[in-house]
Amino acid sequence: MIPQFSNPNISIATKEDVADLHRLVNSAYRGDSSRKGWTTEADLLDGQRTSEKLLLEMMEEAEAVILKYTDPAEGLLQACVYLKNKSGKLYLGMLTVSPELQAKGIGKQLLAAAESYAGQVNCTTIQMTVISVRSELIAWYERHGFRKTGQTEPFPTDPEFGLPKQALEFIVMEKTVS
């Protein structure tokens, strides 16, 4: 099945996009560049958010895709999101928008594409994890229909995902989609 998206700026990322995805995701979550946006984790974690190796592994997973949002004028990668069908629930992760472009509606467009994709792969629930101390991010997802489930998950200890500056855990959030 080839997913269809009504937004012409959204498509499935390929291996040719890995280097650009790597730059985008790390610039939005870690280091000084991430401080230009509101999604920074620079005060919580050192190191990188992901590696090219992990991005390739994510792309090769069964039932998983990375959607990319490209600039309509120049075709430059500006945002992405990872989606994986896990037993009828669509896991959403790594929603990333370039720090300079945050708060312009691109994240909302990717969420809408994720909901469309969920329907195409017969998922009625979208599930995600968010670092529990990211109250502004949790509030953003709640404004977009996600609810806390009451479940938590441990934060990964893999240095390829970052080096915590404090004890961290994830909360699990879900949204029912039609």
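The values are calculated or read from the model by the stated rules, or taken from the named source; none is laboratory data. Values in this document were obtained by computation on a predicted structure and should not be read as measured data. Counting neighbours? That spans all protein chains shown, and the Cβs are built from the backbone with ideal geometry, glycine included. Ligands, DNA and RNA are stripped out before the accessible areas are found, and what is left, the full protein with its side chains, is counted by its heavy atoms. Shrake-Rupley method; radii C 1.70, N 1.55, O 1.52, S 1.80 Å.
Things to note:
- Of all positions in region 58-73, none carries a residue that is part of a loop (DSSP other than H, G, I, E, B) and among the polar types (S, T, N, Q).
- Residue within region 77-100 that is assigned to a helix (DSSP H, G or I) and either open to solvent by less than 40 Å² (accessible area, probe 1.4 Å) or of a type outside the set (Val, Ile, Thr) (or both) present: yes
- Members of region 36-58 that are surrounded by 14 or more Cβ atoms within 10 Å (Cβ to Cβ), under 15 Å from Leu137 (Cα atoms) and in contact with a Lys or Arg (Cβ under 8 Å, 6 or more places away or on another chain): Thr40, Glu41, Ala42, Leu44
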